[in-house]
Amino acid sequence: MKKRVNIVFITSVLLLSLSPATHAINKIRPKVSEATALGQQLIKELTENIKIANQAHKDATSAMEKEEAARSARDAAQNLMDALNDIKTFGNDMIKGYNSRQIQIAAITLAELITRLNSLTIEIKSKRMEIADMTDAGVLMDTAVAGKEEQRSKTMKDLQYDHKIKKDIQKAIADQEAILGKAWSSIITCATYKLLVGNSRGICYDIDWTFGGSSPKMLENNQSAQQPKTVRQKLTKQQHAALKSWNRLSKSELLSKDITSTRQLDEAKNMLDQLNNIKEDLKNVPVKYKDTLYRVNAAADSLEQKMAAAKKNWLKIV
């Protein structure tokens, strides 16, 4: 009888532990402040306004309607920019140990990274099509179209590099989402994609997110609202050659290992000269290649430090 009572008692405890009330307690999460909730709601409403304006531009038929719709879409986009640029939008809560300024910077950084990822994805698709056009499909293996061997090989290498950058951007996006938390990440992602729709239709100008900063704005230019796309800067022959040189030099072991011999030091001096020339050639490179310029600068600085360390160790080497 006593054994049966014990079984009933244990069963009751288990049932209580699995009850909805206990589960509800486990699911309680910290509430956001009214200021943060209002900021999140504001971004949602401004995003919806952009969506409506984009659709109105798509549905417009006459030139006058298009002009008016484009103006409304740009105003809606600018309102969102202004909200992101206002620290008050992000409330005063500490989220995962981050304050409102850090959350704002993460939000703007996330928006820029999503924009870059979108551009890179389009570029990857374009290169895949280029490769397909330069490829003869075979039964056992594909081969390059006659006369396109070198170009196809280069495009395939560029595509591999783009995939590497894509992974880096996706990791960086995950880092910002970890700071923002689920709610802010979802809101900022949705807003950014609505802006991208407007940009792709030529309604809005390109957006300067000032990477990692806190001052997003729409770029000013003299184009009319009816022009479909902004003029984009192209690579010069000199810049193109510099990028090819960097692609070759970036694979050198001198950039990844310490200098341990006089021969390596001589090679490093040569390479540093080449890196400095590349830096000079890429000084005014288009925005999409700025990351490459940053990597060249970092490589040159690192190599110079390793050369100085080697000289210090050997004392007599000049």
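The values are calculated or read from the model by the stated rules, or taken from the named source; none is laboratory data. Quantities reported herein were computed from a predicted structural model and do not represent experimental measurements. Ideal geometry is used to build each Cβ from the backbone, glycine not excepted, and the neighbour counts take in all protein chains shown.
Scan the range 38-74 for residues that are surrounded by fewer than 20 Cβ atoms within 10 Å (Cβ to Cβ), closer than 13 Å to A191 by Cα and among the aliphatic types (A, V, I, L, M) and the total you get is 2.
For every residue, the table says whether it meets (1) outside the structural domain of A174 (by TED's automatic domain parsing); (2) of a type outside the set (A, V, I, L, M, F, W, C); (3) free of Cβ contacts under 8 Å to residues at least 12 places away in the same chain.
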residue	(1), (2), (3)
I43	no, no, no
A56	no, no, no
T61	no, yes, yes
A70	no, no, no
Q102	no, yes, no
A106	no, no, no
V139	no, no, yes
G147	no, yes, yes
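Selection over the range 82-111 of residues that are in a helix (DSSP H, G or I) and surrounded by fewer than 21 Cβ atoms within 10 Å (Cβ to Cβ) gives a count of 8. Does E123 fit the bill of being out of contact with any Asp or Glu (no Cβ under 8 Å at 6 or more places or on another chain) and of a type in the set (D, E)? The answer is no for E123.
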